[in-house]
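Notes for the one structure printed next.
Since every read-out is calculated from the coordinates, none of them should be taken as a lab result. Note that this is a predicted model, so its numbers are computed, not measured. Please note: Cβ atoms are built from the backbone with ideal geometry, for glycine as well, and neighbour counts cover all protein chains shown.
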Number of protein chains: 2
Amino acid sequence: MSTLTFGVQAQSVNPTQTQVKVRGFQMTVDEPADLGGTDVGANPVEYLLASLSGCLNVVAHLVAKEMNIALRGIALDLEGELDPAKFMGKPTSGRAGFISVKVTIHPDCDADQATLQNWLQAVESRCPVSDNIGNATPVHIALG
Amino acid sequence: MSTLTFGVQAQSVNPTQTQVKVRGFQMTVDEPADLGGTDVGANPVEYLLASLSGCLNVVAHLVAKEMNIALRGIALDLEGELDPAKFMGKPTSGRAGFISVKVTIHPDCDADQATLQNWLQAVESRCPVSDNIGNATPVHIALG
């Protein structure tokens, strides 16, 4: 199977606000006021969680269909915790990003718990964004 | 320094479309028609790239300020390639997510190349989303 390429173009509006273009869509990323931003959009790490939620939804329904689970919908709560020390340039042995990400999925369906645990395991392993967060992915950043 | 917690709540609208709430903001994630979606928003992996672009912008300006670089703005091009085989449940030894992510940053400033390379290195190492993609991050998914 051939690979698929996805891309976005972004432009700073100010030091915290970024306007992102992807196909016909626009996204605005910013920081809240208490992180020094102009607060006109969700912040980068909130976008990361949104990305994961959207990916889990797609895979949740795909796998449910394969398993003949009548999935009427899902709700998701996502949370991540980070220490801003490294980001802010303070001395730290910690990492810059989320220490871990917690997701709770509430499926609206009548399947039993054992079936749902199998479903959940398949969803997690086949979700592209879960993979990119859960496992190391080379990020190549160059000056243009 | 104490940690910061970020969270989002999401709800499936249909098998590919997800509505995400974060503080006062709403985001719509979907898939394009050629991936079986209803195409009313960027897709999950495009959100992942948007997240990275927004994070790099914030850190780019923060580090520039510390280094006394007069950064007027930045433009970014981001691209990722993935093999949909695992996502689609086909036999594969490949991973589900992006194989790698390529970012090109175009800084609008007058600093010399050596200064910009130092700047770029600091930006990459201090960017939370670069860290979460570049390095493994535990993702805990549970049924609620």
### Query
For A:Arg23 and B:Ile99, what does the FRET efficiency come to when R0 = 22 Å and r is the distance between their Cβ atoms, rounded to the nearest 0.05?
0.55
### Message
Quick check on the exposure proxy: order B:Phe98, B:Phe25 from fewest to most C-beta atoms within 10 angstrom.
### Response
B:Phe25, B:Phe98
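Could you list the square roots of 5 times each eigenvalue of the Cα gyration tensor of the protein assembly as shown, that is, the equivalent ellipsoid semi-axes, sorted largest first and rounded to whole Å? Display every interim value, and only then the final one.
Working: eigenvalues 210, 72, 58 Å².
The equivalent ellipsoid of the protein assembly as shown has semi-axes of 32, 19, 17 Å.
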### Nearest-20 debye value, segment B:42-134 charge dipole, Cβ charges on Lys, Arg, Asp, Glu
340 debye
### Task
Apply the Debye scattering formula to chain B, with a single equal point scatterer on each alpha-carbon and no solvent, then give log10 I(q)/I(0) at q = 0.12, 0.20 Å⁻¹.
-0.66, -1.35
### Query
If all Cα-Cα distances of segment B:1-41 are sorted into 5 Å bins from 0 onward, what percent lands in each bin, rounded to whole numbers?
6, 23, 23, 16, 13, 9, 5, 3, 2, 0
#### Entry: Size of charge dipole - the protein assembly as shown - debye, nearest 20, with Cβ of Lys, Arg +1 and Asp, Glu -1, no other charges
240 debye
### Task
Would you order A:Met88, B:Met27 from fewest to most other beta-carbon atoms within 10 Å of each residue's own beta-carbon?
A:Met88, B:Met27
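Length gain on complete extension for the stretch A:Cys109 to A:Thr38, per 0.36 nm per residue less the alpha carbon to alpha carbon distance? Don't jump to the answer; show the numbers that get you there.
On the way: separation 71, 0.36 × 71 = 25.56 nm, distance 4.09 nm.
The span from A:Cys109 to A:Thr38 would gain 21.5 nm if fully extended.
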### Task
Sort A:Leu56, A:Leu49, A:Leu4, A:Leu120 so that the residue with the fewest other Cβ atoms within 10 Å of its own Cβ comes first and the one with the most comes last.
A:Leu4, A:Leu120, A:Leu56, A:Leu49
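In the structure displayed, which of A:Lys21/B:Lys65; A:Lys86/B:Lys86; A:Lys86/B:Lys90; A:Lys65/B:Lys102 lie more than 31 Å apart, Cα to Cα? Walk me through the numbers on the way to the answer.
On the way: A:Lys21/B:Lys65 26 Å; A:Lys86/B:Lys86 34 Å; A:Lys86/B:Lys90 40 Å; A:Lys65/B:Lys102 34 Å.
Over 31 Å apart, Cα to Cα: A:Lys86/B:Lys86; A:Lys86/B:Lys90; A:Lys65/B:Lys102.
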## Note on the structure
For chain B, whose charge dipole is built from +1 on Lys and Arg Cβ atoms and -1 on Asp and Glu Cβ atoms, the candidate among B:Val8, B:Leu71, B:Phe98 with its Cα farthest towards the positive end is B:Val8
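Pairs of alpha-carbon atoms within less than 8 angstrom and 6+ residues apart define the contacts here; what relative contact order does chain B have, in percent?
On the way: 174 pairs, mean separation 23.3, N = 144.
Worked out over chain B, it gives 16 percent.
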